[in-house]
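Student: Below you will find the structure I want to go over with you.
The values are calculated or read from the model by the stated rules, or taken from the named source; none is laboratory data. No experiment lies behind these values; they were computed from the predicted model shown. Positions of Cβ are backbone-derived with ideal geometry, glycine not excepted, and every protein chain shown enters the neighbour counts.
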Amino acid sequence: MSCSTPVADNERLLTVVHRGRFSTEETWRRNSGWPGRHAGCVSSSPLPDPLAEAPFAVADAYRAGVGVGRLRAADLAVPFLGVRAVSPAADLAGRCREAALVLGADQCFSHLTAAALWGLPLPSRYADRPVELHVSTTGSRAMRRPGVIGHRITPVARLLLDGLPVVDPVTAWAQCSEQLRVDDLVAMADGLLGEWSTRPRARLVERELLERAAASRAGSRGVVALREALDLARSNVRSPGETRLRLLLVRGGLPEPELNVEVRDDDDRWLGIGDLVFRDARVVVEYEGDGHRVDRKQFESDIDRRERFADARWRTIRVTGGALRTSSSQVVARVRKHVLGADASPAGR
């Protein structure tokens, strides 16, 4: 029998993982007459067009006439049992498209996976590591597959995002309270209330929807952190860096600043928009993300704005992401000096 011999409808291909390597074995109906495995069968004959362009289910390949030998070929990736792909997924959306092939009608992507798909900000640790695949089911049993974190949830709306079944962005935020710290939940809530995401459903969300989501988690793991995050969330924040900077300063004893508001001089002439504005002290604190450095137009605009502030006797304090990570206490002290006065200290307030 050749490697391209089709498998009968009552036969299925199983994938097993052994010491990090994929291997395959066929199981068949008793007395089917299957002659056995064909060692060295690594045919790379062309796949039908639809299968060559995206991940595909093994069952669909059988129906298209693809034989078991071709499905065992070394040029195909095996991301999940019953799934094949011409090449490994390059990003989270690609991994989700692979996993979607094995989802049931009562299952969808949720938690941190859904939040990432909706374009919400993730904790900094995911800058150099992949996001886990979270799948929720409203059925009797959570999904159990290698590489998937399964959850059982009460029924929720199941939306399609680029063809992928997901929970809505506010539900994803609330679910993330099971895994994330307060500050990460605040950044995500700031994103929902603001305009960070390119997805219409995940931007300019009404606070009431977040309040309802938090209330629905009563008694669940992480609900205390979720409620605290909601209290700290603000609607006029433009980046996760601004969120972290604001939380740092307020916890360091500074009054809460105005966020991304216009500043005018004493003659009511427009000076610019300040990230964190301490109006009484005439101090603007700017978070300097990478875009301020690599975008020349933005770079020049920042210089012009700082000059206008200086001419109007406003102090501009610039804070980088590196300073937030490695010298946060110095950042707080520097801002406190200019906002509360040179003699201000936590003990002296």
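Student: Considering only residues that are farther than 17 Å from residue 181 by Cβ and more than 20 Å from the chain's Cα centre (by Cα), which ones fall in region 210-227?
Tutor: 211, 212, 215, 216, 218, 219, listed by residue number.
Student: May I ask you to verify whether residue 112 is within 30 Å of residue 184 (Cβ to Cβ) and in a helix (DSSP H, G or I)?
Tutor: Values: within 30 Å of residue 184 (Cβ to Cβ): yes; in a helix (DSSP H, G or I): yes.
In short, yes.
Student: Assuming residue 221 fulfils every condition listed in (1) at pLDDT below 95; (2) assigned by TED's automatic domain parsing to the domain that holds residue 169; (3) buried (at least 20 other Cβ atoms within 10 Å of the Cβ) apart from one, which condition is it?
Tutor: (3)
Student: Look through region 56-110, keep the residues that are under 26 Å from the mean Cα position of the chain (by Cα) and among the charged types (D, E, K, R), and return whichever of them is nearest to residue 132 (Cα to Cα).
Tutor: Step by step, filter region 56-110, then rank; the result is 95.
Student: So, one more: Which condition number does residue 226 fail, the rest of (1) at pLDDT below 95; (2) more than 30 Å from residue 101 (Cβ to Cβ) being met?
Tutor: Here residue 226 clears every test but (1).
Student: Kindly indicate the residue of region 191-209 that is part of a helix (DSSP H, G or I) and either of a type outside the set (A, V, I, L, M) or outside the structural domain of residue 176 (by TED's automatic domain parsing) (or both) and also farthest from the chain's Cα centre (by Cα) among those meeting that condition.
Tutor: Residue satisfying both the conditions and the ranking: 208.
Student: Another one. Of all the helices (runs of 4 or more DSSP H) wholly in region 290-343, which have at least 2 residues that are modelled with pLDDT of 90 or more and under 20 Å from residue 246 (Cβ atoms)? Spell out how you get there, then give the answer.
Tutor: Values: elements: 291-294, 296-311, 321-326, 328-340.
The qualifying helices (runs of 4 or more DSSP H) are 321-326, 328-340.
Student: Now for a separate question. Could you grab me the full set of residues in region 82-96 that are surrounded by fewer than 22 Cβ atoms within 10 Å (Cβ to Cβ) and within 12 Å of residue 166 (Cα to Cα)?
Tutor: 93
Student: Take the residues in region 115-142 that are touching a strand residue (DSSP E or B) at 6+ places or on another chain (Cβ under 6 Å) and either of a type in the set (Ser, Thr, Tyr) or modelled with pLDDT under 90 (or both), then tell me which one is surrounded by the most Cβ atoms within 10 Å (Cβ to Cβ).
Tutor: Step by step, filter region 115-142, then rank; the result is 136.
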